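Down below is the structure, laid out as C-alpha cells.
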Amino acid sequence: MRATNSLARWCWAACVLGTLGLHAQDAGFNAAIKLRLDTTTQSKDNLSNNGLGVGAAFEYTLPFGKLGAELGYFYKTGDSYIEAIGPVTTAGKSAVNSAKAGDSRRNQLEGLSIRLTYQNKLSDSWDWQGGLMLGGTRFRHQYVGDVQSTNWGTTGGATTWRDTYQGTPEEGGVKVSPFGGVSWNIDKSESLELNIVLLNYTAIEYVHNPGSGTYAFVPTKGYLATNNDFPKDSLVKHNRLVPHLEIAYAFHF
C-alpha cells in the first residue's frame, strides 16, 4: 500500500511539473538558432555584396507582442584590390616610377553583435518585426605597399627614394543598425525571416604620400625611408549607412 501511495505521489508530482512546463511554454519562452544571409546592390569600400551571420536568440511572448534578444556574429569579406599611387608632393624629390610601384589592399567587416527585436502577429502564419542591431561592424583595413622613384639606386642621388609600408588598422565601436521585416512561421520549429537592414559602419582608408619620409642611404641599395616613418600619411574615415536585404532561417526549440 505504501509503495502504491508513493507511486501515486510521484505521478502527481510529475503531472504538476509537466503542467508548469507547459504553462511556461505557453507564457512565451523560446530559443532559436538563426542563420543569416545579407546582400546589397551597393558595393562600398571594396567589400563583397554578401555577408553571413549566425546567432542564438532568446524570445519571450507577452500579450502585446514578442520581445527578443540575440547574440550573433556577422562577417562580410572583400576581394584584394590595387590602390592608385598618388603624385610626389615633397619638393626636390623625384617622381614616382609607375613601372615599379605597387599598393595592394583588402577590407573586411565582422564582429559580435546584439539584436533587440519586437515582433507581433500579422496572421496565423505571418509576423512583422523591427529592431536594432548593435555592433557586428568592426572594419579591418589591410594594406601593403612598395613604391620607388625614378632612377632609384646607388647612383640615383639624394632626390631618389623608396617607400615600403604595411599595416592592418581597425575601426570598431558599437554602431547601431536598424532593421525591419516579416517572418513566416513554417511550423512550430522553423521560420523564415525577410528583413531590410540599414548597415551602419565606419570605413577607414590609409592614404600614403610617396616620397614624404626621412631617407638614409643604404649601401648597395639606395635611399630608403628611415624606420618606414611617413608623418604626412593619414587614415581617412567614411561613415556608411548601406541598405541590405537579409534572409534568415530560424530553428526554434
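None of the figures in this text is laboratory data; all of them are computed from the coordinates on show. Owing to the predicted nature of the structure, the values given are computational and were not obtained by experimental measurement. Ideal geometry is used to build each Cβ from the backbone, glycine not excepted, and the neighbour counts take in all protein chains shown.
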* Asked: Which one of PHE139, PHE64, PHE179 has the biggest mean-square fluctuation once the chain is modelled by GNM with Cα springs under 10 Å?
  -> PHE64
* Among all the lysines, which ones have a C-alpha under 28 Å from LYS93's C-alpha, if same-chain residues fewer than 8 places away are not counted? -> LYS221, LYS232
* Structure fact -> Relative contact order as a percentage, the chain, C-alpha pairs under 8 Å and 6+ apart, gives 19 percent
* Taking the chain as a Gaussian network, Cα atoms linked when under 10 Å apart, which of THR117, THR77, THR154 shows the biggest mean-square fluctuation? -> THR154
* Structure fact -> The set of residues whose placed amide H lies less than 5 Å from the amide H of TYR215, leaving out same-chain residues fewer than 5 positions away, is THR226
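Rg to Rh for the chain: what is it, with Cα atoms only and Rh by Kirkwood?
Values: Rg = 28.9 Å, Rh = 22.5 Å.
On the Cα set of the chain, Rg over Rh gives 1.29.
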* Asked: Leaving out same-chain residues fewer than 8 places away, which aspartates and glutamates sit with a Cα under 20 Å from that of LYS44?
  -> ASP79, GLU83, ASP103, GLU110, GLU170, GLU171, GLU205, GLU246
* Helix 2-27 axis, angle to the chain major axis (alpha carbon atoms, nearest 10°) -> 50 degrees
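Let me spell out the model: positive unit charges on the Cβ of Lys and Arg, negative unit charges on the Cβ of Asp and Glu, origin at the Cα centre of the chain. What dipole size does that give, in debye rounded to 20?
Roughly 360 debye for the chain.
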* To do: Using Cα centres only, tell me the gap between the range 53-78 and the range 144-170 in whole Å.
  => 49 Å
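Mean residue ellipticity at 222 nm from the helices of the chain, using -39,500 (n - 2.57) per DSSP H segment of n ≥ 4 over the full residue count, to the nearest 500 deg cm²/dmol?
Dividing the helical sum by the residues of the chain leaves -3500 deg cm²/dmol.
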